[in-house]
Amino acid sequence: MRRRGFTLIELLVVVSIIALLIAILLPSLSKARQTAKSVVCASQLRGLGFAWLSYMQESNYRAYKYPGSSNEAFDHFWMAIIERYTTNVDGLRVCPEAREMSAETWGWGAATISWSGEHHPAGFWIHNAEGDYHFGSYAINGWMYDGWVKGESYRSFLEPGVPTYNAPMFIDSAWVDVWPRDTDLPAVDRIDPYHGGNWSTGMPRVTIDRHDFGVNVVFHDGSTRYVKLPELWSLNWSLKFETGPSPAF
């Protein structure tokens, strides 16, 4: 007895079922990849945090001084300090969601782009006169700089009342540092904040859609958390930051 092959209708049914299964599974697979990248990002931030805490222990928990704008500042930039306390700084500096490096003249990053000193004018703290440059996708909390604003910066993390569990140390960002104020508005463009129209030294640098409308943060107690963008106003960024609901989203 001769075996009967598939009819055209049967083949179309099979193809339709396969297409339906792919349509159902692809979003789940994409979500799983995004989640995995966010987990790696949080792990990298934890590594940066541990390295920074090692530095802080050696400095008796005194806050870090702003590096300034000289060629010598390159070696005093926070990323340069991190390099002294970890053997794998290149494995920590860039979030998996921001592998592309900035080609901007001043090196601004974005949600999916790392900041970079490669094209930055030489003789500054992310690009020295010898052509070396720093790059990454995370920012230091600028209120950690010693003496930046008297009475507002965290001059020492041994001060009474410093909420180490809720005070950000490093965070996903489009630039190297950030000074949020409770009156800041979020970035107008959460993919490319620099070109969005309200770029500033504060919240627009970190209100980026890098991880499903949120970012990863490592805190002064060494813990890491995923934080939705509106919840960034609930963190203790500085001594004078008044936590509360975000101004607008």
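Per-structure values
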quantity	calculated
Residue that is modelled with the highest pLDDT, among those in the range 62-109 that are among the charged types (D, E, K, R) and part of a loop (DSSP other than H, G, I, E, B)	Arg93
Subset of the range 216-225 [surrounded by fewer than 17 Cβ atoms within 10 Å (Cβ to Cβ) and touching a Gly at 6+ places or on another chain (Cβ under 6 Å)]	Gly222
Search result, residues across the range 190-212 that are modelled with pLDDT of 95 or more, of a type in the set (A, V, I, L, M, F, W, C) and within 23 Å of Phe241 (Cβ to Cβ)	Met203, Val206, Ile208
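The values are calculated or read from the model by the stated rules, or taken from the named source; none is laboratory data. On a predicted model such as this, the values are computed, not experimentally measured, just so you know. Counting neighbours? That spans all protein chains shown, and the Cβs are built from the backbone with ideal geometry, glycine included.
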